[in-house]
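This report refers to the structure that appears directly beneath it.
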Amino acid sequence: MPTLTFDVPEISCGHCKSAIESEVAGVPGVARVEVDIEGRTVRVEGSADAGAVVAAIEEAGYDVAGPAT
């Protein structure tokens, strides 16, 4: 299954995690979303469009720094 991973430096707590997971879960093609608070990354499995995932993270109130390396 394809996986997308994004750096989101503003992630710092459980509220951040919940807000992002809730928004991203609604994107068509997302099979699973996982937010790593310590690593400050968002990992998405499925066929979702990367731009749609970024838009959902931004809708939750967080900036995406770019793809995780």
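Read-outs: derived from the displayed coordinates by stated rules, not from any lab. Here the structure is a predicted model, which means the values were calculated and not measured. Quick reminder, even Gly has a Cβ in these numbers, built from the backbone with ideal geometry, and neighbours come from all protein chains shown.
Estimated at 0.36 nm per residue, the fully extended path between E38 and A55 surpasses their Cα-Cα distance by 3.9 nm. Once backbone amide H atoms are built at 1.01 Å from N, A65 has D7, V8 as its partners under 5 Å, excluding neighbours fewer than 5 places away on the same chain. Considering only alpha-carbon pairs that sit under 8 angstrom and 6 or more positions apart, the relative contact order computed for the chain is 45 percent. Sequence-ordered 3J(HN,Hα) estimates for the range 54-67 from the Karplus curve with 6.51, -1.76 and 1.60 and θ = phi - 60° stand at 4, 4, 5, 5, 5, 4, 6, x, 10, 8, 9, 7, x, x Hz, glycine and proline given as x. Report, in degrees rounded to the nearest 10, the 0 to 90 angle that the Cα long axis of helix 14-25 makes with the longest principal axis of the chain. Computed tilt is about 20 degrees. Peptide packing for 1-13, 34-46 was compared via the average number of neighbouring C-beta atoms within 10 Å per residue; ordered from the highest value, the list is 34-46, 1-13.
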